[in-house]
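Report on one structure; see the data block that follows.
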Amino acid sequence: MNHPSDGRRIEDLLREEAPQVLGALVRRFGRFDAAEDATQEALLAAYRTWPTDGIPTEPRSWLIRVGYRKLVDLLRSEDADRRREHDWIAGDPRVVNPAEPGPAVVHGDDSLELLVLCCHPTLSAPSQIALTLRAVGGLTTAEIAHAYGVTERTMATRISRAKQSLKKAGARFELGATGDLSERITAVERVLYLIFNEGYTATAGPDLTRVDLTSEAIRLTRLLVSSRPDDPEAHGLLALMLLTEARRDVRQLDDGLVPLEDQDRAGWDRRLIEEGTRLIEAAWAREAVGTYQLQAAIGAVHANAATAADTDWPQIAALYLWLERLEPTNPIRLSRVVAVARAFGALRGLALLDELDRTHSLTVDPLTALRAQIVRAHLLDELGDHDAARAGFAAAEQLATNDVEKRYLAERARP
């Protein structure tokens, strides 16, 4: 009789190996859509046989061999114009031979190459995110759809179109064939950053945080760091995620949102803070400053302040000014408003908010409209204009789509 833990072990192993199998098949066959279908067939075969036959000595080789057979069968069933691909595959000595009786050991990690392929420049940002979570993260289409508040059918269509776009673009798997590797890695980092942010504060739904997304973003960023140990921005991105994730457990109490200054810092995860601080200090020493490193540095200032009152807000305001010069976006501008208000007073912060709103339309930009309303309401409340503050919270509550955030704003809007 199988123990329940055996099934869990198999599930965890298959989740870990799935992107490696997919990467190996894409590398050999150059067909992302067909390779994913074959990978799924191999995983299903493992689900059916491993609980009774046991886990093979070389599970990855076993999965690749089964996936290879499935893909060969698929190619043989297609039109004659696919035969040239089949001939090319058969001549590749690295391909696992399905006729071999023993497992062929497959070395290396294809995760970085697969991440780069999923973030191909022909794809839109939503498609890059969906394909990354599906192919590298191993999330089901239903899980991704739930995380982003769309129907499973809509997400399936998005993923299918992304695969077809890669096929039409003739996207290659090998990093060596990529002349714009730096730009592609930047795209990978952006996608991982967006996945983490969606998980940390879900756009919509009953939950403030989607732990499945934050955990997956951190896992994939660790893969990126291990593949690119000399990339300070990758280290900065991981540091930023860890320093932010460290505060997750105390952001919400009794279904209520807890602002940063009111959080119980004893509940912050010191292990994540220590790791994130080490990462950003090491990256900072390389003197190649990027946006993720600056954001991680800001996170480290917050994380290492014993109390909210001890926070070095002037340093944070200076870091945000530096960050704004590197990446002049409205979310960063609005974050600088908050830092300036904390460092130099609510009146100065409100003046800066008004100025930036006039020049950059913060309150109508979809990326900042909600938060700009919230920031303005908080600043008005601090300045004693409570009626205007409550009206601002009420206006923000109408814009919010996350249930936890809506409850918090509705509470602040009450007389």
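The values are calculated or read from the model by the stated rules, or taken from the named source; none is laboratory data. Keep in mind that what you see is a predicted model, and the values were worked out from it rather than measured. Positions of Cβ are generated from backbone atoms using ideal geometry, with glycine treated the same way; all protein chains shown enter the neighbour counts. Protein only, heavy atoms only, side chains kept; ligands, DNA and RNA dropped before computing areas. Shrake-Rupley method; radii C 1.70, N 1.55, O 1.52, S 1.80 Å.
Things to note:
- Conditions (1) touching a helix residue (DSSP H, G or I) at 6+ places or on another chain (Cβ under 8 Å); (2) of a type outside the set (Val, Ile, Thr); (3) open to solvent by 70 Å² or more (accessible area, probe 1.4 Å); (4) in a helix (DSSP H, G or I); number of the one not met by ALA372: (3)
- Residue selection: PRO59 satisfies the criterion of being modelled with pLDDT of 85 or more, over 23 Å from GLU189 (Cβ atoms) and open to solvent by 10 Å² or more (accessible area, probe 1.4 Å).
Yes/no per residue for (1) small (Gly, Ala, Ser); (2) surrounded by fewer than 18 Cβ atoms within 10 Å (Cβ to Cβ):
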site	(1), (2)
ARG222	no, yes
LEU257	no, no
ALA266	yes, yes
ASP269	no, no
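- Test for ALA246: is it more than 26 Å from CYS118 (Cα to Cα) and either at pLDDT 90 or above or crowded, with 24+ Cβ neighbours inside 10 Å (or both): yes
- Residue list for the range 278-309, restricted to those being modelled with pLDDT under 95 and open to solvent by 40 Å² or more (accessible area, probe 1.4 Å): GLU281, ALA282, TRP284, ALA285, ARG286, GLU287, ALA288, VAL289, ASN304, ALA306, THR307, ALA309
- From LEU321, LEU334, residue being among the hydrophobic types (A, V, I, L, M, F, W, C) and open to solvent by less than 50 Å² (accessible area, probe 1.4 Å): LEU334
- Near pairs, Cβ below 8 angstrom, 6+ apart or cross-chain, from the range 9-23 (within 21 Å of LEU112 (Cβ to Cβ)) to any residue that is open to solvent by less than 20 Å² (accessible area, probe 1.4 Å) and hydroxyl-bearing (Ser, Thr, Tyr): ALA18/THR39; PRO19/SER111; GLN20/SER111; VAL21/THR39; LEU22/THR39; GLY23/SER111
- Taking the criterion of being open to solvent by 20 Å² or more (accessible area, probe 1.4 Å) and modelled with pLDDT of 85 or more, the residues of the range 166-193 that qualify are THR186, ARG190, TYR193.
- Filtering the range 11-31 to residues that are open to solvent by less than 30 Å² (accessible area, probe 1.4 Å) and at pLDDT below 80 leaves PHE29, ARG31.
- Just so you know, in the range 113-156 the residues that are polar (S, T, N, Q) and within 20 Å of LEU22 (Cβ to Cβ) include one that is modelled with the lowest pLDDT, and it is THR140.
- Any hit, the range 119-139, residues being of a type in the set (Gly, Ala, Ser), within 28 Å of SER182 (Cα to Cα), buried (at least 22 other Cβ atoms within 10 Å of the Cβ) and in contact (Cβ under 8 Å) with a residue 40 or more places away in the chain: yes
- The single condition from (1) at pLDDT below 65; (2) not in a loop (DSSP other than H, G, I, E, B) that HIS107 fails is (2).
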